[in-house]
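Structure record follows, encoded as structure tokens.
Here, each number is a calculation from the coordinates, and none is a lab measurement. Since we're looking at a predicted model, the values are computed, not measured. In this analysis, Cβ positions are derived from the backbone assuming ideal geometry, glycine residues included, and neighbour counts consider all displayed protein chains.
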Amino acid sequence: MAEPLLSVEDLKVHFFTRDGVVRAVDGVDFAVNRGETLGIVGESGSGKTVSSLALLRLVPPPARTVGGRVVFEGTDLLTLPTKALGTIRGRRIAMVFQNPATSLNPIYSIGSQLGEILLWHEPITRAEAEARVISLLTLVGITDPAARLRQYPHELSGGMKQRVGIARALLCNPSLVLADEPTTALDVTIQAQILDLLADLRRRLGMAMVLVTHDMGVVARMADRITVMYAGRVCETADAATIFRAPQHPYTRALLDSMPRIDHRYTGGARQVLPTIPGRPPNLLDPPAGCRFHPRCPDAIADCRRILPLETEIAPGHTVSCIRRGSQGIAA
Amino acid sequence: MTEALLEVRNLSKHYPVLKRGILLQRKAAEIRAVDDVSFSIQPGETLGLVGESGCGKTTTARAILNLVTPSAGSVRFAGQDIVPVFRGSDRRAQLAIRRSLQYVFQDPYLSLNPRWTIGETLREPLRVHLADQQSAWQARIDTLLEMVGLEPHHAWRYPHEFSGGQRQRVGVARALAVEPRLLILDEPVSSLDISVRAQILNLLVELQDRLGLTYLYISHDLSSVRFISTHVAVMYLGKLVEIAPVDTLFATPGHHYTRALLSAIPVPDPGAASTRIALQGEVPSAMNRPPGCPFHPRCAAALPVCSREEPPLTAFGPGHRLACHNPA
Amino acid sequence: MHGTLPPKPPGIWRQGWYRFRRNRGGMLGLILVALVVLVALTCFVAAPYDPNDQSAMLRGASRQGPSALHWLGTDRMGYDVLSRVLYGAPTALAVGLGAMAIASVIGVIIGGIAGYVGGLVDECLMRFAEFFMVIPVFIVILAVVRLFGIMVVGTWMERVPHLNLMTIIALLGLFGWPPVARMARAEFLRLKHAEFVEAAICIGTTRRDILARHILPNALPSLIVLVALGIGGAILAETMVSFLGFGDPKAISWGQLLYFNYESLKVAPWGSVAPGVAIFVTVLGFNLLADGLTDAFNPRLRQ
């Protein structure tokens, strides 16, 4: 099998707060192949966003990446000198942010903030840069791009701003795009437009994408493979069909079951009850010993309290970290 | 047919757009946040009110509760028009309505006074409505906490010590304190995590059955609407465009906007047949709403008449009404 | 359920105190302010000499450097510098607290009404506040103090103790309210639309209860920060007025000590340095305290 484009091994990001060390990301592994979309799903506090920020060493204090490797095209980004990282960040790996309203600088016009990035990264002239910005704005479906160049972010609607955000990510032909909740701030019909755009661009440009979201529907539509995170650790990674049709980890199953579905009838006969996950996510200042999901898990046995499950391949391309599903583990 | 518990007739809320002068302001335009909206809810039912941001669904709820004064129209609660009651100064009559009509807010972080313990928060409605039964307050607070799945000692805690889901339970308990008949739920689960969302939705359903409540459930999340509602109303740019029993609406939506909205929801099933209706463009600002049908500039089935005449809300099937010149 | 109830958790004020305690600058400010308050309360017994005792001059011992007899030396008029500086503390606190008390009451009422009622009332009140903000307070104070001092001569008001000082306090308060009003307006406006206030309206809570129980308590922390900052400002302002010689001749204030002694700065620097340090410590104390309070009560900085 070919070397993956990006592989993350045993990534650990801890928040050093006054109350103690919050282990927000605690030994996370995943990999992204060329041209593939990996969806990282999880609830708030699962560590999905922090993991994606850690890839480019963007975790804000008091958080610090305390361990692991992030190998991108053969180099470990975590040990790379800052200057060398600068040639990768924004260029080989680009980011699309959640909130299009705040991710664009309000005091620069669209043309100048996109143009500056190009001029910074590449030895081209102003005219060339402008031509490239116009072609990218056309690519992301912005009508009359030449006129938009002179507009400011506040003159654009939310959907348009997110299109500009995507164009900015694509400026330097990245081979990997990190998209953190790219559609959460948008209305449903606009969300659909942006998702279609991202899927279409990925096909046409052949880039890989890491899509971080809490929305199972979004990953179902977009992702080739899915990584499910819970409380700073990976529960399960598999191709999208497997995650949705034959999930193995109890958390994945419970999560899918607990979502109301628009393609499901709930009326008629007795009132239906959604299956729920009892309790709530753990406090990561003091996470449960063993498997972090065990206090809420319907399948938990005594060993789950003691043994920290490790991601283990149970079928080709399908890894699970649950000792009840045959994962290996280390005793605490 | 029984009498509707809540009947909203031709409700409108228009905001003037003011231009600021030196001292005085003058009206430059008008935003029709809610325009001529009519619907009714039978006792024990749940009406889901859906739409995208800015469609006027929250303003409708706020106008019903007189948090904003309606510009026109009537709101009949149990047969009584409550708009003039709130305009008047009969505090007793107002309190009687407040008591049976309660609101649960979207954001449980903002809707609880941060300086009050949960007990103090729950005591407020009792102080207002049951001032003469002070001895019964504590028992009532304990019952309320138990009812929403919290424990009596939680009354001593402050909101910031709770998770989002627990706070929303407190919000529900506060609304239930004075035994209302109708609960307006404004996006009660959208700020919560998926696993907690299901818990709160189940709680709402359970309470409805147990206490015989009627709900107006406002949300942009159609899957939770499908779960909790018996009827669904869809709003677009301040207009009600379609209203129908829940299964009818999800199975055979008549309005092209409803169809597009339903098809835009990402289904958590990777193989789901993609029969999406892609909508062109974005929702126009409510300040310059298109003439005729507000949806016509984005509608694939628009006829010439759509840009001239506003379609009235007309019967389309049993309990199914929609506002479209060229329904699907 | 478990047998024991968990202990009553801390409220907002106590939480604020926990955060405040961890803030070094804020704690230093609190200590400095506490020191000034302590001095103000005890100076009447703690001061080694009567502040009006000029007997050193008779002995020819004015402008003497620090000694066992006079710890901070004597100034050019034979006063004991330490005693005078200690007696300056109650004056400074009276000025700071008095002026800000007046400013807070006016500011909260005007700003609160403007924010809560809104509309035209808001416009008018805020223009009124701006009018007060553009007036050069200092010149007005100097003029009024001088005029008033002349006007009261020969009337019963002449016998009111510290009339001059009280005039300065009143004027500082009357011109110091606009910042408080602006803050109060912003807070009331924000809280008026806060969801928990709307929840209270839905419940049917009266307007008076909403103002007194929901809005005002939630507006207090930001206002307290501003008032703490204002106290330092007022003390500094009174110092400047006194330094220019417009202060109350019968009150002992640090500004006045500077005014009396700056001419002998070269021969008897202790006479100027001591009150200077006192001013510095007090104003710094209140400013650090205000900073600490901002951190403690600003929820955005919470982790």
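Taking the Cα atoms only, what angle lies between the long axis of helix B:118-129 and the longest principal axis of chain B, rounded to 10 degrees?
80 degrees
Which residues' amide hydrogens lie under 5 Å from the amide hydrogen of B:GLY48, considering only partners 5 or more residues apart or on another chain, with H built in the peptide plane?
Under 5 Å from the amide H of B:GLY48: B:TYR217, B:THR230, B:HIS231, B:VAL232, B:ALA233.
Have a look at C:TRP270, C:ALA296, C:ILE252 and report the one farthest towards the positive end of the charge dipole of region C:234-303, computed about the Cα centre with Cβ charges (Lys/Arg +1, Asp/Glu -1).
Value computed over the given set: C:ALA296.
Using only Cα atoms, tell me the angle between helix C:216-243 and the longest principal axis of chain C; keep it within 0 to 90° and round to the nearest 10.
20 degrees
Just to be sure I understand the model, the point goes 7 Å from the Cα along the line to the Cβ. What's the resulting B:ALA93 to C:GLU263 distance in nm?
So the two model labels end up 8.0 nm from each other.
Rule-of-thumb check for the protein assembly as shown: C-alpha Rg over 2.2 N^0.38 Å?
Against the empirical 2.2 N^0.38 Å value, I get 1.13 for the protein assembly as shown.
Given a Förster distance of 35 angstrom, what is the FRET efficiency for C:LYS250 paired with C:VAL121, based on the Cβ-Cβ distance and rounded to 0.05?
The calculated FRET efficiency here is 0.25.
Roughly how many Å is it from the Cα centre of region A:175-198 to that of region A:1-72, as a whole number?
Measuring centre to centre over Cα atoms gives 21 Å.
Once each part is reduced to its C-alpha centroid, what is the distance from region B:232-299 to region A:88-160 in angstrom?
Centre-to-centre distance over Cα atoms comes out at 31 Å.
Fully extended, how many nm does the chain gain between B:ARG9 and B:GLU146 (0.36 nm per residue separation, minus their Cα-Cα distance)?
45.6 nm
Points 7 angstrom from Cα along the Cβ direction at C:LEU38 and A:SER44: gap in nanometres?
4.5 nm
Per-residue HN-Hα couplings for region A:16-23, Karplus 6.51 cos²θ - 1.76 cosθ + 1.60 at θ = phi - 60°, whole Hz, x for Gly and Pro?
Rounded to whole hertz, the list is 9, 9, 5, 7, x, 8, 8, 8.
Over the whole of B:98-111, what's the average partner chain Cβ count within 10 Å per residue? Rounded to a whole number, please.
Mean shielding count: 3.
Sort out for me the Cα centre separation of region C:121-147 from region C:16-43, rounded to whole Å.
32 Å
How large are Rg and Dmax for region B:6-229 when only the alpha carbon atoms are used, in Å?
18.4, 57
For the pair A:VAL21 and C:GLN54, what calculated FRET efficiency results from E = 1/(1 + (r/R0)^6), where r is the Cβ-Cβ distance and R0 = 51 Å, to the nearest 0.05?
On the way: r = 65 Å, r/R0 = 1.27.
The pair C:GLN54/A:VAL21 has a calculated efficiency of 0.20.
Summarise the partner chain shielding of A:182-193 as one whole number: the mean count of Cβ atoms from other chains within 10 Å of each residue's Cβ.
6
To the nearest 20 Debye, how big is the dipole of region A:35-174 about its Cα centre, given +1 on the beta carbon of each Lys and Arg and -1 on that of each Asp and Glu?
So the dipole magnitude of region A:35-174 works out to roughly 240 debye.
When the expected Rg is taken as 2.2 N^0.38 Å, what fraction or multiple of it is the alpha-carbon Rg of chain A?
Taking the Cα Rg and dividing by 2.2 N^0.38 Å, one obtains 1.05.
Among A:TYR251, A:TYR266, A:TYR230, which one shows the biggest mean-square fluctuation in a GNM of chain A, springs joining Cα atoms closer than 10 Å?
A:TYR266
Picking from C:GLY98, C:CYS202, C:CYS43, whose Cα lies most toward the positive end of the charge dipole for chain C (charges on Cβ: Lys, Arg +1; Asp, Glu -1)?
Value: C:CYS202.
Under a point-charge model restricted to the Cβ atoms of Lys and Arg (+1) and Asp and Glu (-1), what is the dipole moment magnitude of chain A relative to its Cα centre, in debye to the nearest 20?
For this selection, approximately 340 debye.
Specify the angular offset, from 0 to 90 degrees and rounded to the nearest 10, of the alpha carbon long axis of helix C:119-134 from the longest principal axis of the alpha carbons in chain C.
Once rounded, one gets 20 degrees.
Starting at the first residue of region C:258-263, write each ³J(HN,Hα) from the Karplus equation 6.51 cos²θ - 1.76 cosθ + 1.60 with θ = phi - 60°, in whole Hz, x for Gly and Pro.
5, 4, 5, 10, 5, 5
For A:ARG34 and A:ASP263, what is the calculated FRET efficiency with R₀ set at 41 Å and r taken between the beta-carbons, to the nearest 0.05?
Result of the calculation: an efficiency of 0.75.
What number comes out for the charge environment of B:PHE250, summing +1 per Lys or Arg and -1 per Asp or Glu over other residues with Cβ under 10 Å away?
Around B:PHE250, the charge tally is 0.
Which entries in the list A:LYS12/A:LYS83; B:LYS57/C:LYS192; B:LYS27/B:LYS239; A:LYS161/B:LYS13; A:LYS161/B:LYS239 go over 25 Å, if you measure between the two C-alpha atoms of each?
Distance filter (> 25 Å) returns A:LYS161/B:LYS13; A:LYS161/B:LYS239.
Once you have the Cα-Cα distance between C:ILE150 and C:MET77, take 0.36 nm times their residue separation minus that, and quote the gain in nm to one decimal.
Length gained, C:ILE150 through C:MET77: 23.6 nm.
Dipole of region B:6-229 (Lys/Arg Cβ +1, Asp/Glu Cβ -1, origin at the Cα centre): which of B:ALA63, B:ASN202, B:LEU213 lies farthest to the positive side?
With unit charges placed on the Cβ atoms, the residue in question is B:ALA63.
I need the shape label for chain C. Rule: rounded when a/c is under 1.5, else prolate if a/b > b/c, else oblate, with a, b, c from the alpha carbon gyration tensor.
In terms of gyration-tensor shape, oblate.
So, with +1 on the Cβ of K and R and -1 on the Cβ of D and E, and no other charges, what is the size of the charge dipole of the protein assembly as shown about its Cα centre, to the nearest 20 debye?
Roughly 940 debye, rounded to the nearest 20.
Using the Kirkwood radius over Cα pairs, work out the Stokes-Einstein diffusion coefficient for region B:79-175 at 10 °C and 1.306 mPa s, in µm²/s as a whole number.
It comes out at roughly 110 µm²/s.
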